[in-house]
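Only the coordinates and a few stated rules stand behind these numbers; no lab work does. Not measured: the values here are computed from a predicted model. Quick reminder, even Gly has a Cβ in these numbers, built from the backbone with ideal geometry, and neighbours come from all protein chains shown.
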């Protein structure tokens, strides 16, 4: 069921980015059309100031979102690293206990042989 959700989510993301790309292409085509057939192209450029502000704001929001995602990923990485340290410490303790047990066994074998 999770795999189906992931596929559906991927499909929705692809559709979203396709729509965004199509919108950008249409806006670029319209701007080129207006510039070619208008007597005063300067006013057309000024009319796209709002669109420019919109995309600049979206880009800034994207940067903020990326920073937040990176912060969360780094926190998860720190947590994982601390868990790894604990496991390595437990493994080292178990290995030391095993070493001590082997040394006692070897000492007992020497006593028995003598």
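Does any residue of segment 49-56 turn out to be exposed (fewer than 10 other Cβ atoms within 10 Å of the Cβ) and within 30 Å of residue 26 (Cβ to Cβ)? Checking segment 49-56: at least one residue is exposed (fewer than 10 other Cβ atoms within 10 Å of the Cβ) and within 30 Å of residue 26 (Cβ to Cβ). Pairing residues of segment 45-64 that are more than 16 Å from residue 23 (Cα to Cα) with residues that are part of a helix (DSSP H, G or I), at Cβ distances under 8 Å and at least 6 apart in sequence or on separate chains, gives 45/35.
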